[in-house]
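Note sheet for the following structure.
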Amino acid sequence: MINKVVGIAIEDYQDDKLDKLANCKTDIHEIINVLTKEYEFDDVTIYEDMNATTRKALLQSLQEVFKNAMKIDTILVLFAGHGEFSQITNTGYWQPSDADSSDFTSWIDIDTIKKLIKASPARHIAIMSDSCFFRGAYKHSTKRI
């Protein structure tokens, strides 16, 4: 069994219309520090620089984490960054570092995250999201065990 934490902290965005955020990195590091003092984790990975937090890089990284997990593994994903809601798709999104503020196709939609989780063999997966408009993830349980 592997206990894994994946932290994603996005403060800087390529699009000037997306405000720089001040405390995402600090928040993720502090949460992980608290968790690692109380619980044992075998693997802690933090994505926080511009190249590691693009849409493509994040989706590839999350896909690898979820795909390579075993049934008995525990995975905690922590996200701190901008989020947005599209009236067109009626869906909430995370905005990666390369997001175009006016184009929801450059964002990471909640349904994609849920599909990655559902496809994972791991039975113990949790997401903590410090972003706007992630509420759509909680409409239904993503996976029953």
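Listed by first and then second residue, the pairs linking a residue in segment 71-94 that is over 14 Å from T112 (Cβ atoms) and small (G, A, S) to a residue that is surrounded by 15 or more Cβ atoms within 10 Å (Cβ to Cβ) and modelled with pLDDT under 90, with Cβ atoms under 6 Å apart and 6 or more places separating them unless they lie on different chains, are G81/S131.
Conditions (1) touching a Cys at 6+ places or on another chain (Cβ under 6 Å); (2) of a type in the set (V, I, T); (3) modelled with pLDDT of 95 or more, marked per residue:
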site: V6; (1), (2), (3): no, yes, yes
site: Q14; (1), (2), (3): no, no, yes
site: D27; (1), (2), (3): no, no, yes
site: D49; (1), (2), (3): no, no, yes
site: T54; (1), (2), (3): no, yes, yes
site: S61; (1), (2), (3): no, no, yes
site: F66; (1), (2), (3): no, no, yes
site: I72; (1), (2), (3): no, yes, yes
site: N90; (1), (2), (3): no, no, no
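Screening V6 against (1) surrounded by fewer than 16 Cβ atoms within 10 Å (Cβ to Cβ); (2) within 16 Å of the chain's Cα centre (by Cα) leaves a single unmet condition, (1). Selection over segment 63-81 of residues that are of a type outside the set (A, V, I, L, M), over 11 Å from the mean Cα position of the chain (by Cα) and surrounded by 19 or more Cβ atoms within 10 Å (Cβ to Cβ) gives a count of 2. Using the structure shown, decide if Q14 is part of a helix (DSSP H, G or I) and surrounded by fewer than 20 Cβ atoms within 10 Å (Cβ to Cβ). In short, no. Pairs meeting the criteria (first residue in segment 40-53 and more than 23 Å from I2 (Cα to Cα) and touching a residue at least 40 places away in the same chain (Cβ under 8 Å), second residue of a type in the set (A, V, I, L, M, F, W, C) and surrounded by 13 or more Cβ atoms within 10 Å (Cβ to Cβ), beta carbons under 6 Å, at least 6 apart or on different chains) are T53/I10.
The values are calculated or read from the model by the stated rules, or taken from the named source; none is laboratory data. No experiment lies behind these values; they were computed from the predicted model shown. FYI the Cβ positions are ideal-geometry reconstructions off the backbone, even for glycines, and counts take in every protein chain you see.
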